[in-house]
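I have placed the structure first, in the form of structure tokens, so that the comments after it can refer back to it.
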Amino acid sequence: MKFKNSTDKTRTRIVLACILFLAATSSFASCGNVPNTVMPPSSTEAAQSQNEIAGTSPIFAYWQKQFPNAVWDSLAKADLNNDGRDDLVIVYNQGKDTAFFVVIEDLTTGYRITDPTPAPIQDQVIKIMDLSGWAQHQFAISGRKDDVVGMAIFVMDNHKIVMIYTSAYGDCC
């Protein structure tokens, strides 16, 4: 298989890792043994709840200045771009039936916010994961809209959010 660049290799590896993960969890599902792929909380996350992060994080304060009318629903802190610095994923709403999420990267040159991406309307949960065993973490966002439950797995690639797996995600956003 030929690749155009290292980004193509990374995407292919992540997709293959997700396929292997899904195949493994499907085969274990009948036994009741599903492997734990959720990353243990980072040292920062273990010490702080979501409310504490919202109250003390300079990244969160930066987000509030950029989105003054938004109300956050869920957030998680982890190194998503493999630079050794914790980034922040925030799911927020801007009205009763409108929810989005952004990733705020903590770069050595300052903060960078991704474009807003649609998110589930209700009961949003963010989980930081390591499906590939590599240094770059993935994150899942799940939630619902009325009776429809959906989830998706994302990864950061060159300062952009890339969806690598979805299950009914578009129906709950």
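Derivation of every value follows stated rules applied to the coordinates shown; laboratory data play no part. Being a predicted model, the structure only gives us computed values, none of them experimental. Cβ atoms come from the backbone with ideal geometry, glycine included; neighbour counts cover every protein chain shown.
For the stretch 36-167, the C-alpha radius of gyration divided by 2.2 N^0.38 Å, with N the number of residues, is 0.98. Phi angles across the stretch 107-112 convert, under the Karplus curve 6.51 cos²θ - 1.76 cosθ + 1.60 with θ = phi - 60°, into 3J(HN,Hα) values of 9, 5, 8, x, 9, 10 Hz, Gly and Pro given as x.
Couplings 3J(HN,Hα) for the stretch 138-143, derived from phi with the Karplus relation 6.51 cos²θ - 1.76 cosθ + 1.60 (θ = phi - 60°), are 10, 9, 10, 10, 10, x Hz, where x marks Gly and Pro. In a DSSP loop and with at most 12 other Cβ atoms within 10 Å, the trypsin sites (Lys or Arg not before Pro) in the stretch 89-173 are LYS96.
Taking 7 Å steps out from each Cα toward its Cβ at LYS96 and TYR62 produces label points 3.5 nm apart. Here the stretch 36-167 is assigned +1 on the Cβ of each Lys and Arg and -1 on the Cβ of each Asp and Glu. Its dipole about the Cα centre then comes out at about 180 debye. Rounded to the nearest whole Hz, the Karplus-based 3J(HN,Hα) values (6.51 cos²θ - 1.76 cosθ + 1.60, θ = phi - 60°) of the stretch 163-168 follow the sequence 7, 10, 7, 8, 9, 6, with x at glycine and proline.
Taking the charge dipole of the stretch 36-167 about its Cα centre, with +1 at Lys and Arg Cβ atoms and -1 at Asp and Glu Cβ atoms, the residue from ALA70, VAL102, ILE128 reaching farthest to the positive side is ALA70. Bridging of LYS145 to aspartates and glutamates at a Cα separation below 16 Å is possible for ASP73, ASP97, ASP123, ASP171, once same-chain residues fewer than 8 apart are set aside. When each of PHE139, PHE60 is scored by the number of other beta-carbon atoms lying within 10 Å, the sequence from fewest to most is PHE60, PHE139.
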